[in-house]
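**Student:** The structure that follows is given in the form of structure tokens.
Please treat every number below as a calculation from the coordinates, not as lab data. Fair warning: this is a prediction, and the values are worked out from it, not measured in the lab. Note that each Cβ is placed from the backbone with ideal geometry, even for glycine, and that neighbours are counted across all protein chains shown.
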Amino acid sequence: MSKLDNLLNDLVIANRILANEDVVDAYGHVSVRHPDDPSRFFLARSLAPEFITRDDIVELTLDGKPVREEKRALYLERFIHGGIFEARPDVMAVVHAHAEDILPFGLADGTPLRPVIHSGSFIGSRVPVWDIADKFGDTNLLVANVEQGQDLAKALDSHSVALMRGHGFAAAARSLIEVVRMSVYLPRNARALWRARQLGGEVKYLSQGEIDARNRGYSPYSVETWRAWHYWANKAGVGDMVTRPDQK
Ligand code: MN
């Protein structure tokens, strides 16, 4: 398989994992930047991630236009991906989802969503909240054009995850494996934090040193990272599509 075929294969796997882990449902999507042309990215056509195969993947420019003629419907919120890829040359993969467990943290400002469990360290020490109403007033809350995508990317800034008030989150990382891992652990971290709050008393967040220590040395294709990818893919029924890192 060519490098690009491998990547698109991984994009299919990423869709299936996010669906199976309940990060996305009928809505939500994952994209990857073109490895040889930073001004383009790949995203499925408008379809629930659970059903996506290689044929559903469309190549887009950063302003959300398909590179080739495309008659099939596209995701309305593809501008989230283009906006982040445009603002962040370091980012190679983006997830947008509506996972319910993260939503309260974008609505109430008393408890910031920050890492409280070791696997939550991947989300980074600060998770900004973007409110579409700040700039665009009363909308349907969807990121439906280039300008809104750019504004979200501005709020994300140099961070890995931004919450979208009343809507969901956007996550950005250096690879598909990393962005999937982050998106799986983000709601889990949110649940642990939520439950700790219910127990009462003061919540102990991970320290900056603990977050740094956990993230140090975790390359996207380390054996530890790949192990989770393999496990999730197998659970999602696409274990046979996974190639080992040494076979890439
Ligand atoms: Mn959405």
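**Student:** Quick check on region 40-59. Is at least one of its residues free of Cβ contacts under 8 Å to residues at least 24 places away in the same chain, surrounded by fewer than 15 Cβ atoms within 10 Å (Cβ to Cβ) and not hydroxyl-bearing (Ser, Thr, Tyr)?
**Tutor:** Yes, that holds for at least one residue.
**Student:** Follow-up question, since we're still on this one. Identify, by number, the condition in (1) under 14 Å from the mean Cα position of the chain (by Cα); (2) within 16 Å of the ligand (Cβ to nearest atom); (3) among the hydroxyl-bearing types (Ser, Thr, Tyr) that Thr139 doesn't meet.
**Tutor:** (1)
**Student:** Now a separate question. Out of all the residues in region 89-111, which are crowded, with 18+ Cβ neighbours inside 10 Å and either hydrophobic (A, V, I, L, M, F, W, C) or not in a helix (DSSP H, G or I) (or both)?
**Tutor:** Residues satisfying the conditions are Val91, Met92, Ala93, Val94, Val95, His96, Ala97, Ala99, Ile102, Leu103, Phe105.
**Student:** Let me spell it out: the conditions are (1) within 15 Å of the ligand (Cβ to nearest atom); (2) out of contact with any Ser or Thr (no Cβ under 6 Å at 6 or more places or on another chain); (3) in a loop (DSSP other than H, G, I, E, B); (4) of a type outside the set (Ser, Thr, Tyr), and Arg72 meets all of them except one. Which number is the exception?
**Tutor:** (1)
**Student:** Looking at (1) touching a Phe, Trp or Tyr at 6+ places or on another chain (Cβ under 8 Å); (2) within 26 Å of Arg188 (Cα to Cα); (3) within 16 Å of the ligand (Cβ to nearest atom); (4) not in a strand (DSSP E or B), which is the only condition Gly82 fails?
**Tutor:** Among (1) touching a Phe, Trp or Tyr at 6+ places or on another chain (Cβ under 8 Å); (2) within 26 Å of Arg188 (Cα to Cα); (3) within 16 Å of the ligand (Cβ to nearest atom); (4) not in a strand (DSSP E or B), the lone unmet condition for Gly82 is (2).
**Student:** So, in region 138-157, of the ones that are free of Cβ contacts under 8 Å to residues at least 60 places away in the same chain and assigned to a loop (DSSP other than H, G, I, E, B), which residue ends up surrounded by the most Cβ atoms within 10 Å (Cβ to Cβ)?
**Tutor:** Leu141
**Student:** Let me ask something else. Considering only residues that are without any contact (Cβ under 8 Å) to a residue 12 or more places away in the chain and assigned to a helix (DSSP H, G or I), which ones fall in region 192-234?
**Tutor:** Scanning region 192-234 gives Arg195, Gln198, Leu199, Gly209, Asp212, Ala213, Glu224, Arg227, Tyr231, Asn234.
**Student:** Considering only region 1-39, how many residues are away from the ligand (no atom under 16 Å from the Cβ) and surrounded by 20 or more Cβ atoms within 10 Å (Cβ to Cβ)?
**Tutor:** 10
**Student:** Out of all the residues in region 35-65, which are closer than 18 Å to Val143 by Cβ and part of a strand (DSSP E or B)?
**Tutor:** Keep residues of region 35-65 that are closer than 18 Å to Val143 by Cβ, which gives 41, 43-46, 49, 58, 60-65.
Hits for region 35-65 are Phe41, Leu43, Ala44, Arg45, Val58, Leu60, Thr61.
**Student:** Only one of these conditions is not met by Asn189: (1) in a loop (DSSP other than H, G, I, E, B); (2) out of contact with any strand residue (DSSP E or B) (no Cβ under 9 Å at 6 or more places or on another chain); (3) away from the ligand (no atom under 14 Å from the Cβ). Which number is it?
**Tutor:** With (1) in a loop (DSSP other than H, G, I, E, B); (2) out of contact with any strand residue (DSSP E or B) (no Cβ under 9 Å at 6 or more places or on another chain); (3) away from the ligand (no atom under 14 Å from the Cβ) applied to Asn189, the lone miss is (1).
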